[in-house]
Amino acid sequence: MANRILRTLLGTALLALATMAQADDQRVVAITQIVEHPALDAVYQGVRDELEEKGYKDGDNLRIMHESAQGNSAIASQIARKFVGEGPDVIVAIATPSAQTMAAAARKTPVVFSAVTDPVGAKLVKSLKAPGANITGVTDMLPIESHLDLLERVVPDAKRIGTVYNPGEANAVALVELLEERLAARGMELVKAAATKTSEVLGAARSLVGKADAIYLTTDNTVISAVEAVISVGERASIPVFAADTATVGRGAVAALGFDYYDHGRQTGAMVARILEGANPGDMDVESVDTLELFVNPAAAERMGITLSDDLISDAKEVVNSDQ
Amino acid sequence: MLSNIAFYGAIETGLIYGLVAFGIYISFRVLDFPDLTVDGSFPLGAAVAAVLIIEGVNPWLATGAAVIAGMGAGAVTALLNVKLNILNLLASILTMIALYSVNLRIMGRPNIALLTEETVLTPWYNLDLEYHQVPVLLFTLVVLVGLVLLWRFMKSETGLAMRATGANPRMARAQGIATGAMIVLGVALSNGLVGLAGALFAQSQGAADVTMGVGVIVIGLASLIGGEAVLTPSSVVRALIACVIGAIIYRLAIALALNADFLGLQAQDLNLITAVLVTLAIVLPGVRSSVVARFTRNKA
């Protein structure tokens, strides 16, 4: 009996605490991501920082709710219901599975997705221009043509381009299909190696030796998590490794003309701020990456048997020298 | 503390995982067969249903096909065990990893969106109910039908033979029961239920994704054991009800954990909470009975 009274008291106290934490004039932004991962975490941070810069300060005139589903789709579903139920001003859904789950749960709440490569294919929006419903966002579709231009500039005689990717990752597969098509248009060939887990990346990279003149890696989560394995193969077999994201250059890739997921998050945050100011998500075009930066790593290039030209190095926004 | 939508969402997911728990009850409890196939048969059910739905097949037929596909996967695991004498746990792991590739083949890509397709839920949205109550109503009906059918099956001659196979295989064989066939049937049935759960989950979530099977076995086990801890499963029907109750309690616990920011709990703590919940559910009944035993001994 005493136990029950104690429990009731405790429950009431907690409830009171929870209610107190919520002030009246606060705007609420709920952010969900499918899994904790450096790129996705950077998106989250970017959204936060952009909102703060636009005058929405967490804990002040803004309340940010943040949940990660830890890779579990049932939890993603519950997070979606939780957010929709609390009626925030805007929901941000990071990565395709989170965005789809949120789209199924949210009927009217504005949803801004981020880090989704193919929003039309994922049926999040009907079209990239003025999507119409309550959902819009930023796609991380890579500027493949610019990447291939860079690759040809550095290794003009490369004809067979290898890539390692996870066939279980929706974003990666969409990119690899596009890559294959664009390479064919340039008279080049894509050599694919599949890795379903980080532990398979090394083996997959080794299978490219002798078959590929250069390696180009997309923003595949599995592969980038274990990118050192690909780099080490590139160094041993003298195959230059290019990346789609700039962070990988610091880890030993030759060069990347990419964007930072943090900036991607900032761009997402700017869309969120516009909705907070009254814009209608249905009228807002799906945005794509607007800042591309060239990162080069001359030391890594040497180790992979090529030399970067001086004009390329002078074009770079950042020259990284990773020494191992 | 929980909003209506979060509450109904927890019930909805709980009901779907109740079907998973039914499946795990058959393999793990009835047959004493630790079966990890479910991590693959859950997305298999989702994949089969999703592919058929986007091809324009009636969603209920697509869901039925998902059940049959799940049964096939379970049968493969059981045959690996019965015919090739591969250890049951290992047999299920082999099927599970094979299913990853099979699922990718079936879907042709890692993710199939169903957001704009007609699903089993679509006609029900015309009912005069709130949007988030509809799946709860439909899935309650599905779970009830499943529960009654399973209960009747377990009381049938075949069901009794299956229970005997799990309880004492040697005795069962001596009574003329084809234990191998019972294992194949039981594990197939179990994975058919999990395939059904996967198909329904994909339809309520708006997408089938090849990664959606991760951890299904752990959550199914947590539901089964949690339910047993709450409702002592002295009969088959109680055990089945316990499965559903356990799955719903688990989901409500997760929903509460998601709302417990003020306790200092954060998103990244969820897996730890799951592990603690499962451990408690496994350990507590034992502690309770040993406490009871001590008291009765003292009295005597």
Flag for A:A184 being modelled with pLDDT of 95 or more, closer than 29 Å to B:M107 by Cα and in a helix (DSSP H, G or I): yes
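Yes or no, residue by residue, for (1) open to solvent by less than 20 Å² (accessible area, probe 1.4 Å); (2) over 30 Å from A:V84 (Cα atoms); (3) acidic (D, E); (4) not in a helix (DSSP H, G or I):
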residue: B:F7; (1), (2), (3), (4): no, no, no, no
residue: B:A10; (1), (2), (3), (4): yes, no, no, no
residue: B:L15; (1), (2), (3), (4): yes, no, no, no
residue: B:S27; (1), (2), (3), (4): yes, yes, no, no
residue: B:F33; (1), (2), (3), (4): yes, yes, no, yes
residue: B:L36; (1), (2), (3), (4): no, yes, no, yes
residue: B:A50; (1), (2), (3), (4): yes, no, no, no
residue: B:L61; (1), (2), (3), (4): no, yes, no, no
residue: B:A73; (1), (2), (3), (4): yes, yes, no, no
Condition check for A:D149: acidic (D, E), in a loop (DSSP other than H, G, I, E, B) and open to solvent by 30 Å² or more (accessible area, probe 1.4 Å): no
Residue list for the range A:271-297, restricted to those being open to solvent by 20 Å² or more (accessible area, probe 1.4 Å) and under 15 Å from A:R27 (Cβ atoms): A:R274, A:E277, A:G278, A:A279
Scope the range B:161-194; condition open to solvent by 20 Å² or more (accessible area, probe 1.4 Å) and over 23 Å from B:I68 (Cα atoms); matching residues: B:A164, B:A167, B:N168, B:P169, B:R170, B:M171, B:R173, B:A174, B:Q175, B:G176, B:I177
The one condition in (1) closer than 15 Å to A:A30 by Cβ; (2) touching a Gly at 6+ places or on another chain (Cβ under 9 Å) that A:G132 fails to fulfil: (1)
Pairs, first facing chain A (nearest Cβ under 7 Å) and over 19 Å from B:A98 (Cβ atoms) in the range B:195-216, second open to solvent by less than 10 Å² (accessible area, probe 1.4 Å) and part of a strand (DSSP E or B), C-beta under 8 Å, six or more apart: B:G206/B:A113; B:A207/B:I112; B:A207/B:A113
In the range B:222-232, the residues that are within 14 Å of another protein chain (Cβ to nearest Cβ) and either polar (S, T, N, Q) or in contact (Cβ under 8 Å) with a residue 60 or more places away in the chain (or both): B:S223
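Which residues, counting only those in the range B:96-109, are among the polar types (S, T, N, Q) and either open to solvent by 10 Å² or more (accessible area, probe 1.4 Å) or within 30 Å of A:N134 (Cα to Cα) (or both)?
The one that is among the polar types (S, T, N, Q) and either open to solvent by 10 Å² or more (accessible area, probe 1.4 Å) or within 30 Å of A:N134 (Cα to Cα) (or both): B:S101.
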Lone unmet requirement of (1) within 14 Å of another protein chain (Cβ to nearest Cβ); (2) over 17 Å from the mean Cα position of the chain (by Cα); (3) crowded, with 17+ Cβ neighbours inside 10 Å; (4) not polar (S, T, N, Q) for A:E169: (2)
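What residue, among those in the range B:217-234 that are in contact with a Gly (Cβ under 9 Å, 6 or more places away or on another chain) and not small (G, A, S), is modelled with the highest pLDDT?
B:L224
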One residue from B:N81, B:N85 being away from chain A (no Cβ under 14 Å) and open to solvent by 40 Å² or more (accessible area, probe 1.4 Å): B:N85
First in the range B:1-14 and facing chain A (nearest Cβ under 8 Å), second anywhere and modelled with pLDDT under 90 and surrounded by fewer than 23 Cβ atoms within 10 Å (Cβ to Cβ), Cβ under 6 Å, 6 or more apart: B:M1/B:N259; B:I5/B:H132; B:Y8/B:H132; B:A10/B:L252
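Has the range A:111-122 got at least one residue that is of a type in the set (G, A, S) and not assigned by the TED database to the domain that holds A:N280?
No, there is no match, as no residue in the range A:111-122 is of a type in the set (G, A, S) and not assigned by the TED database to the domain that holds A:N280.
Quick grid of which residues meet (1) in contact with a His (Cβ under 8 Å, 6 or more places away or on another chain); (2) touching a residue at least 12 places away in the same chain (Cβ under 8 Å); (3) among the aliphatic types (A, V, I, L, M):
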| site | (1), (2), (3) |
| --- | --- |
| A:D41 | no, no, no |
| A:V47 | no, yes, yes |
| A:K54 | no, yes, no |
| A:K57 | no, no, no |
| A:M65 | no, yes, yes |
| A:G71 | no, yes, no |
| A:F83 | no, yes, no |
| A:E86 | no, yes, no |
Of all residues in the range B:110-159 being over 25 Å from A:V125 (Cβ atoms) and β-branched (V, I, T), the one that is surrounded by the most Cβ atoms within 10 Å (Cβ to Cβ): B:V143
Of all residues making up the range A:20-56, the number that are at pLDDT below 50 and farther than 23 Å from A:L276 by Cβ: 1
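The values are calculated or read from the model by the stated rules, or taken from the named source; none is laboratory data. In this text, all values refer to a predicted model and were calculated from it rather than measured experimentally. All Cβ positions, even for glycine, are placed from backbone atoms using ideal geometry, and neighbour counts span all protein chains on display. Surface areas here come from the heavy atoms of the whole protein model, side chains and all, with no ligands, DNA or RNA. Shrake-Rupley method; radii C 1.70, N 1.55, O 1.52, S 1.80 Å.
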